[in-house]
Amino acid sequence: MNIPLTNETLNMMLWKKPRAGAIVRGGSANPGLTGHIYFYPVREGTLVISEVKGLPVKSGSCGGGFFGFHIHEGERCTGDASDEFKNAGSHLNPGGCDHPYHMGDMPVLLGTRDGSSWSAFYTDRFTPEEVEGHTVIIHDMPDDFRSQPSGGSGTKIACGVIQKLNAAFFPKDETQFSDQ
Ligand SMILES: [Cu+2]
Ligand SMILES: [Zn+2]
């Protein structure tokens, strides 16, 4: 039987637990930025669900922006004065591809006018297991999906390490994440 992907992903969100997850936290410029990213195994790939708040917003009536969103190859959300999340490294790219064909390239986040964002998408570029231990990064600018090597998406403003979640995990239960 061929179950539509919509049914599969809805079923996964309602009844199954994510295999892996990351808590992202903003850097010094965005201390209120926090989010949860969930990775569910679906078919040959992953359902990625992202819930973020505290994104930077433009003042006035034209608020809400797009934010570059990638999995980076590094395993730590640390850095130096030039780049707070420098050790997250480059986009995860075991295949040696150009941007935007990296394993870690993902759709941009769409921010609301109050600086939150929710999204869900399916990708077959990676399984949850393949991204465990790596980092998920949010940038201050949208990815242009052209510029090399990383889409011109600007500064890294938030970072989280992707961790395998145990069977007791349920979305919003932060106790299943170790402190980063
Ligand atoms: Cu990035
Ligand atoms: Zn890339």
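So, R0 is 35 Å and r is the distance between the beta-carbons of S147 and A29; what FRET efficiency does that work out to, to 0.05? Rounded to the nearest 0.05, the efficiency is 0.95. Phi-derived couplings, Karplus 6.51 cos²θ - 1.76 cosθ + 1.60 at θ = phi - 60°, listed residue by residue for the range 11-26: 4, 4, 5, 7, 10, 10, 9, x, 6, 9, x, 9, 9, 9, 9, x Hz, with x used for Gly and Pro. Exposed loop sites, defined as GluC sites (Glu not before Pro) outside DSSP H, G, I, E and B with at most 16 other Cβ atoms within 10 Å, are absent from the longest region of the chain, namely 76-180.
Approximating the spin labels as points 7 Å out from Cα along Cα→Cβ, the E44-to-M13 distance works out to 2.5 nm. Largest GNM mean-square fluctuation among V136, V48, V161, using the chain with Cα springs under 10 Å: V48.
In the structure shown, the pairs K53/K86; K16/K164; K17/K156; K53/K156 are assessed against 18 Å; a Cα-Cα span above that value is assigned to K53/K86; K17/K156.
Residue by residue, the range 50-60 carries 3J(HN,Hα) couplings of 10, 9, 9, 9, x, 5, x, 10, 6, 6, x Hz when phi is fed to the Karplus relation 6.51 cos²θ - 1.76 cosθ + 1.60 (θ = phi - 60°); x denotes Gly or Pro. Amide H to amide H, with H built 1.01 Å from N, H72 comes under 5 Å of L92, T135, V136, I137, counting only residues 5 or more places away or on other chains. Across the alpha-carbon set of the chain, the Rg to Rh ratio works out to 0.95, Rh being the Kirkwood radius. In loop segments of the range 25-114 as defined by DSSP, the trypsin sites (Lys or Arg not before Pro) with at most 15 further C-beta atoms inside 10 Å of their C-beta are R43, K58, R76, R113.
Database note for the chain: Cys without another Cys beta carbon under 4.7 angstrom, C62, C97. Note on Y122 and S59: the model spin-label points, each 7 Å out from Cα along the C-beta direction, lie 4.4 nm apart. How many percent of all Cα-Cα pairs in the range 22-104 sit more than 15 Å apart? For the range 22-104, the share of Cα pairs beyond 15 Å comes to 70 percent.
One quarter of the convex hull surface built on the alpha carbon atoms of the range 63-151 amounts to 6.3 nm², the projected area averaged over directions.
Proximity of backbone amide H atoms, modeled 1.01 Å from N, is registered between A20 and F39, L165 at under 5 Å, excluding neighbours fewer than 5 places apart on the same chain.
At 1.567 mPa s and 4 °C, plugging the Kirkwood radius over alpha-carbon pairs of the range 1-61 into Stokes-Einstein gives what diffusion coefficient in µm²/s? Translational diffusion coefficient: 95 µm²/s.
Bear in mind these aren't lab numbers, they're just calculated from the coordinates by the rules spelled out. None of the values given here were measured: they were computed from a predicted structure. Positions of Cβ are backbone-derived with ideal geometry, glycine not excepted, and every protein chain shown enters the neighbour counts.
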